[in-house]
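Please read the structure below before turning to the comments.
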Amino acid sequence: MSVRREAVADGVALVTLDRPERHNALDLGTVDELRALWREFRFDDAVRAVVLTGAGERAFCTGIDRSVDVPQPSSPYSADDPLLTAGPKSNDLWKPVVAAVNGMACGGAFYLLGEAEFLVAAEHATFFDPHTSYGMVSAYESVLMAQRMPYGEVMRMSLMGTAERVGARRAYETGLVSEVVPGPGLLDAALRSAAVLASYPTEAVQGTVRAVWSAREAARAHAMASAAHLIALGNLPPDRQTALFTDRARGAAFRVR
């Protein structure tokens, strides 16, 4: 199993991405496990709030595992992206999810972070979007982050690629993160918040989650609708992406701001 579920307090479930040897990157099996878990929580009245984190200290999640092969249709009007159904909202779960970010969170991790209610980050957490560095359009990820961060900050993170990482403190200043804590206290901080949410009447909590999500849902839906076309038009062929990845991985350098 690549996803662990634990009941850690009254009404609170802890969900852990458990592939630390791959920086908790998502393969197709992990996505299937997440999808099944979110849908299971819809029917589990004992779960009223969820904390989502990654195993180890190096990474929360680094997006889709590069070893995964996802064949694409030839039509520019269609695209297969398994991560589109990896998050809680995509599976009609309106119980609150608090993300506890330890280490790197990048690329496809934003599908999960974009559907969490709020983020708590360890002091060593960093956020970045590698797409442009490897000849790929950042579309779905950028749309989700644009609903959490100011325009200029999202644009900078999306365009700077692997050259720059947003540190936890800067993420807090821009509103991406709601709380920054020392690494050893990360889970305790996230679980404390989740315990408060779980202690309230769940109908009111879920209704509030749904109401706030609705406030931005129309704009998100319109932006997401064009994402597949932009990706089809702007992505380099897979062999050129691989070459860029190999070259940059050898001598990658970045700064944290």
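The values are calculated or read from the model by the stated rules, or taken from the named source; none is laboratory data. Because the structure is a prediction, the values reported are computed rather than measured. Here Cβ is always computed from backbone atoms with ideal geometry, including for glycine, and neighbour counts include all displayed protein chains. Surface accessibility is based on the protein's heavy atoms, side chains included, excluding ligands, DNA and RNA. Shrake-Rupley method; radii C 1.70, N 1.55, O 1.52, S 1.80 Å.
One residue alone among 233, 186 is exposed (fewer than 14 other Cβ atoms within 10 Å of the Cβ) and assigned to a helix (DSSP H, G or I), and that residue is 233.
Suppose the filter is under 17 Å from the mean Cα position of the chain (by Cα) and of a type in the set (Val, Ile, Thr); does residue 177 pass it?
Against the criterion (under 17 Å from the mean Cα position of the chain (by Cα) and of a type in the set (Val, Ile, Thr)), residue 177 qualifies.
For the criterion of being modelled with pLDDT of 95 or more and outside any helix (DSSP H, G or I), residue 170 fails.
Annotation for the stretch 166-174: no member residue is aromatic (Phe, Trp, Tyr), touching a Lys or Arg at 6+ places or on another chain (Cβ under 8 Å), more than 30 Å from residue 44 (Cα to Cα) and open to solvent by 20 Å² or more (accessible area, probe 1.4 Å). Would you call residue 87 under 21 Å from residue 144 (Cα atoms), open to solvent by less than 50 Å² (accessible area, probe 1.4 Å), touching a residue at least 24 places away in the same chain (Cβ under 8 Å) and among the small types (Gly, Ala, Ser)? When the stated conditions are applied, residue 87 passes them. Close contacts from the stretch 129-141, counting a first residue that is among the aromatic types (Phe, Trp, Tyr) and a second that is open to solvent by 10 Å² or more (accessible area, probe 1.4 Å), with Cβ to Cβ under 6 Å and a gap of 6+ residues or different chains, come to 134/241; 134/244; 134/245.
Scanning the stretch 192-222 for residues that are of a type in the set (S, T, N, Q) and surrounded by 15 or more Cβ atoms within 10 Å (Cβ to Cβ) returns 193, 199, 202, 206, 208.
Looking only at residues in the stretch 226-251 that are among the small types (Gly, Ala, Ser) and at pLDDT 85 or above, the one that is nearest to residue 163 (Cα to Cα) is 234.
Cβ contacts < 6 Å: first residue open to solvent by less than 30 Å² (accessible area, probe 1.4 Å), restricted to the stretch 11-31; second residue of a type in the set (Asp, Glu), any location; separation 6+ or different chain. Result? Sorted first by the residue in the stretch 11-31, then by its partner, the pairs are 14/6; 25/65.
In the stretch 186-206, what residues are among the charged types (D, E, K, R) and within 16 Å of residue 10 (Cα to Cα)?
188, 192, listed by residue number.
Of the residues making up the stretch 114-128, those that are outside any strand (DSSP E or B) and in contact (Cβ under 8 Å) with a residue 40 or more places away in the chain are 116, 117, 123, 124, 125.
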